[in-house]
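The structure appears right after this line, and notes come after that.
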Amino acid sequence: MKKWLPLIIIAVVAFGIYSWAVGFNNGAVEKQETAKAQWANVESAYQRRADLIPNLVNTVKGYASHEKETLEGVINARAKATSTTIDPSNVTPEQMASFQQNQSGLSSALSKLMVVVEKYPDLKANQNFLELQSQLEGTENRINVERNRFNGMVKGYNIMIRKFPGKLLAGIFGFEPMVLFKAAEGSDVAPTVEF
């Protein structure tokens, strides 16, 4: 029996390390995939906003057709924002910054459009416009909620793979930190609106 005791101890320790490694790997995979799925929700919210914009532009065009430059700015910003897609598992900080810059450009163009709308009381009273505006506001809130959820999931995953001793296994299994969605530079300054 004494002869087998060291082998039994080694087998128990080896099984414990194996179980720990498998548990870490499975947990990291689950957190990573959950964060990726959440990114799909972020993109879905942005797509909803992009889908609302043509209707909004057409409604405004009926009342303010001579505001061509502003309307084209919104259309161009929408095209640029929808052309940028990223894979959250392989995203670089530069790709995330580009994505955010394009989305910020669209937000800025929409803000300019809303300033133009203030000049047209009939448009502001139009039921179709009011409904679109309400849907757009709700979508902006949804985008913020989905981005915050994504960041929370990425944070949990990043903490898991960066804490010791998980950091050792993350390197072995090839888990890399994921990039958080950060506010665009200058978004902490309120825009000036002039009528």
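Bear in mind these aren't lab numbers, they're just calculated from the coordinates by the rules spelled out. Note that the structure is predicted; figures quoted are calculated from it, not measured. Here the Cβ positions follow ideal geometry from the backbone for every residue, glycine too, while neighbour counts run over all protein chains shown.
For the stretch 48-99, which residues satisfy the criterion of being within 15 Å of the chain's Cα centre (by Cα) and either among the aromatic types (Phe, Trp, Tyr) or closer than 21 Å to residue 115 by Cβ (or both)? Scanning the stretch 48-99 gives 49, 50, 81, 99.
For the stretch 54-73, the count of residues that are among the hydroxyl-bearing types (Ser, Thr, Tyr) and under 30 Å from residue 167 (Cβ atoms) is zero. Cβ separations smaller than 6 Å between residues 6+ apart or across chains give the following pairs from the stretch 35-56 residues that are of a type in the set (D, E, K, R) to residues that are surrounded by fewer than 18 Cβ atoms within 10 Å (Cβ to Cβ): 36/89.
Scan the stretch 62-88 for residues that are loosely packed, with under 14 Cβ neighbours inside 10 Å and assigned to a loop (DSSP other than H, G, I, E, B) and the total you get is 4. When 110, 106 are checked against the criterion of being in a helix (DSSP H, G or I) and under 26 Å from residue 152 (Cβ atoms), 106 stands alone in meeting it.
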